[in-house]
Every structure is written in structure tokens, then in C-alpha cells.
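The values are calculated or read from the model by the stated rules, or taken from the named source; none is laboratory data. Every value quoted in this text rests on a predicted model; they were computed, and no experiment measured them. With ideal geometry, Cβ positions are generated from the backbone for all residues, glycine too; neighbour counts draw on all protein chains shown.
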């Protein structure tokens, strides 16, 4: 298999970066970035451990759940989960993070890159409360880059087109998948636990 492992060869393959694409990257948020984050109920958080093994994790809540502390700092509050804390473990070892913010109905996305730290500061975390509950921890992200990404990927995917959505019953339930992959529980029990967790463990 032919592979490219040299930056010069990679640039030779693709040519020079478009001038606008090179200049759109900002070291801080502007008013458009701030507004997009206020509207966003969902993002993907990318991290890597000390060995460079990457992970991407979905995060979501009511629009604006990510708190803009200032033009160069974000607070991403944690929400109850399964206690794997993969992202937090990675950040402790390697602070580099990447975030992609989505807004339903808008096909462009916002990319934010920077360095993060895990905080358990009660005063700070109060700003990330949901349903009257203060999170155990959160990520404070020091922004190094912020820029909007064009809509080509979402347009190709027809992501917000409801006519392209599959019937949920056409794909196995999460309980069935977990049952088959772990062999530790029945599909029925797993689905019941998941349903109960969705009902009671959101916050």
C-alpha cells in the first residue's frame, strides 16, 4: 500500500492551501463563534492519551450548555455517564483537544482547538449547572484556534434531512449490541437498564 508520510509530499499532492482557508483561523472567538456556541446543543470532543491514541466523544445538552467564559476560554461541563471518563483521563495526560460544534438546521460547523484542563472548582462549575444540579467536573478549554467549517460534509451526508433518516427498528437496540458484545447480560435486561438510565440518569 502506498502511503504519504512526508509533509512536502502531502502538500505536493493537494497543492497550496486556499488563501481564505488559511486566513479564516482565529486565535479567539468572535461574535459569530460565540453566537454559534450559544445555539449549539451538541459537539464532538477529540482527545488523545500520552501515547497519541485518539478518542472522539459526543457531548450534548440544551443549547448553550458550553459556557463561554471569555473570548479565549470555554467551560465544557460534565454530565452523568458510565464513569469511563476516557476524555478526562486523556486530558490529564495530554491537554490537546479539538471540538466541533453542531447546530441542528445549520450545515456549517464550528471547530475549536486548544488546550484543556479538568476542573472541579465548585464556583466555576456552578456556571455549568443543569436541572439545578452542579456537575462533578468540567473541562476548561484555552482556545488556540477557532474557525467555521464549510457545509460540504453535512450536505453530502444529508444529516438534517428527515426524509433520509432510517427507521430506528431497522438497527439493533443498544441493549442487544451490548449483550452480544459482552456476553454478560441479556438483551432484555440491558435494554431495560438503558431505558431506566435514560429516564433517571440524565442529570
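Quick look at the numbers
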read-out	value
Answer from 46, 22 - the residue that is within 21 Å of residue 98 (Cα to Cα), free of Cβ contacts under 8 Å to residues at least 60 places away in the same chain and in contact with a strand residue (DSSP E or B) (Cβ under 9 Å, 6 or more places away or on another chain)	46
Residue within region 141-158 that is assigned to a helix (DSSP H, G or I) and more than 30 Å from residue 22 (Cβ to Cβ) present	no
Residue match in region 138-147 (condition: in contact with a helix residue (DSSP H, G or I) (Cβ under 8 Å, 6 or more places away or on another chain) and without any contact (Cβ under 8 Å) to a residue 60 or more places away in the chain)	no
Failed item, numbered, when residue 85 is tested on (1) surrounded by 15 or more Cβ atoms within 10 Å (Cβ to Cβ); (2) farther than 30 Å from residue 23 by Cβ; (3) out of contact with any helix residue (DSSP H, G or I) (no Cβ under 7 Å at 6 or more places or on another chain); (4) in contact (Cβ under 8 Å) with a residue 40 or more places away in the chain	(4)
Hey, residue 4 on the phi < 0 side of the Ramachandran plot, surrounded by 10 or more Cβ atoms within 10 Å (Cβ to Cβ) and outside the structural domain of residue 133 (by TED's automatic domain parsing) or not	yes
Residue list for region 7-23, filter: farther than 19 Å from residue 149 by Cα and loosely packed, with under 10 Cβ neighbours inside 10 Å	7, 8, 13, 15
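Conditions tested, residue by residue: (1) in contact with a strand residue (DSSP E or B) (Cβ under 7 Å, 6 or more places away or on another chain); (2) more than 17 Å from residue 67 (Cβ to Cβ); (3) exposed (fewer than 13 other Cβ atoms within 10 Å of the Cβ); (4) at pLDDT below 95.
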site	(1), (2), (3), (4)
108	yes, yes, no, no
114	yes, no, no, no
120	no, no, yes, no
124	yes, no, no, no
